[in-house]
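Asker: Got a structure here, written out as structure tokens. Questions coming.
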Amino acid sequence: MKRFKPTSPSRRNMAIVNYAQILTTDEPYKPLTNGFKRGSGRNNTGRITTRHKGGGHKRLYRQIDFKYDKRDIPAKIDTIEYDPNRTSFISLVTYADGEKRYVILPKTLKVGDKFIVGEKVEVKAGNRLPLKNIPVGTFIYNIELKFEGGSKLVRSAGSFAEVIAHDGGYALVKMPSTEVRKVIETAWASIGEVSNDENRLQNIGKAGASRHRGIRPTVRGTAMNPVDHPHGGGEGRQGRGRRRAISIYGKPTGKGQKSRRAKKYSNKHIVSRRKVGKRR
């Protein structure tokens, strides 16, 4: 981590990842980039569906390979790069046939290291194979939910899941949230942990840095009027006046409350619900 002398109040406790010691280039590979429209929390009709999003610095999108459909062809890591669209580092890799792609960088791999995607490759960091061929106790990331569906789970900085059992055509995977869920064994996953595990230790120091990232201010519900939020109103500083905290839309939120839909399609795949708060 990079820390600063307290030359101003915002610098006093500021701590960021020391990118200069980790990254190998500051220019992305142009053929694998494109511009894109930032969501700003709005849906296709222009209504805000996710609050506190908007503004921020313009970004260039890096086309990350989540499918890993080049099988049994070794790939060499050429660069370690920053991606403004995700918390992990990314890497430009060159396959033995000359094709270049961007992938999420695992924690222990360096420039010049190689990995391979295949049915029966060695179980080592960076390699990718089906869950049925991954032994119990192995840390994994970039996990598919169905065969050739592309990586959907465990992609953020420093995260990893663990294979804890194989049962009836499914692998039992312990997620970073402590949830244990079944994933079909024909789905693929990468071995190791996601890079940039220091990301969680960052203290960006000032509100303006959040605005640069496209994060707008959050106002407490208790500071609002009753017309604006269920927690609003009252003379002076008041409690919320109800047993459970709810969102602006009236749904349970925060404090470890369950918000998952009772009839969600994937409930049957959850073996153990995630633990929250002090139980975790």
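Values in this text are rule-based calculations from the coordinates and carry no lab data. Worth saying up front: this structure is predicted, and the values here are computed from it rather than measured. Every residue, glycine among them, receives a Cβ derived from its backbone with ideal geometry; neighbour counts consider all protein chains shown.
Asker: Match the structure shown to one of the listed values (1) 36, 27, 18; (2) 39, 26, 18; (3) 25, 22, 20 of semi-axes √(5λ) of the Cα gyration tensor in Å, computed from it, and give that label.
Answerer: Read-out from the structure maps to (1).
Asker: Can I ask one more? What pairs from Lys67/Lys110; Lys174/Lys251; Lys76/Lys182; Lys114/Lys152; Lys124/Lys174; Lys58/Lys100 go past 30 Å between their alpha carbons?
Answerer: Working: Lys67/Lys110 22 Å; Lys174/Lys251 27 Å; Lys76/Lys182 32 Å; Lys114/Lys152 23 Å; Lys124/Lys174 19 Å; Lys58/Lys100 25 Å.
Checking Cα-Cα distances, Lys76/Lys182 exceed 30 Å.
Asker: If you don't mind, another one. Taking the number of other C-beta atoms within 10 Å as the exposure measure, put Ile140, Ile64 in order starting with the fewest. The partial results should precede the final answer.
Answerer: Values: Ile140 25, Ile64 19.
Fewest-to-most ranking of Ile140, Ile64: Ile64, Ile140.
Asker: Still on this structure: So who's got an amide H within less than 5 Å of the one on Lys2, skipping anything under 5 residues away but keeping other chains? H placed 1.01 Å off N, in plane.
Answerer: Under 5 Å from the amide H of Lys2 lie the amide H atoms of Ile16, Val17, Asn18, each far enough along the sequence or on another chain.
Asker: If R₀ is 51 angstrom, what is the calculated FRET efficiency for the pair Thr25 and Ser247, using the beta carbon separation as r and rounding to 0.05?
Answerer: Numbers: r = 42 Å, r/R0 = 0.83.
It comes to 0.75.
Asker: Taking only C-alpha pairs under 8 Å that are 6+ residues apart, what is the relative contact order of segment 1-218 in percent?
Answerer: Working: 486 pairs, mean separation 47.5, N = 218.
Relative contact order for segment 1-218 comes out at 22 percent.
Asker: Provide the FRET efficiency to the nearest 0.05 for the Thr178-Lys132 pair, computing r from the beta carbons and using R0 = 22 Å. Can you show the working numbers first?
Answerer: Numbers: r = 24 Å, r/R0 = 1.08.
That gives a FRET efficiency of 0.40.
Asker: Rounded to the nearest 500 deg cm²/dmol, what is the calculated helix-only ellipticity per residue at 222 nm for the chain, with -39500 (n - 2.57) per DSSP H run of length n ≥ 4?
Answerer: -500 deg cm²/dmol
Asker: Considering the chain as a Gaussian network with a 10 Å cut-off on Cα pairs, which listed residue, Asn199, Asn225, Asn34, attains the greatest mean-square fluctuation?
Answerer: In the Gaussian network model the winner is Asn225.
Asker: Report, in whole Å, the centroid distance computed from the Cα atoms of segment 137-200 and segment 31-62.
Answerer: Rounded to whole Å, the Cα centres lie 27 Å apart.
Asker: Based on the alpha-carbon gyration tensor of segment 223-271 and its eigenvalue square roots a ≥ b ≥ c, which shape applies: rounded if a/c is under 1.5, prolate if not and a/b is larger than b/c, or oblate?
Answerer: Details: a/c = 5.04, a/b = 2.88, b/c = 1.75.
Cα axes put segment 223-271 in the prolate bin.
Asker: Go ahead and run the numbers for FRET between His212 and Lys255, Cβ-Cβ distance against an R0 of 22 Å, rounding to 0.05. It would help to have the intermediate numbers written out before the result.
Answerer: Working: r = 30 Å, r/R0 = 1.37.
FRET efficiency, His212 to Lys255: 0.15.
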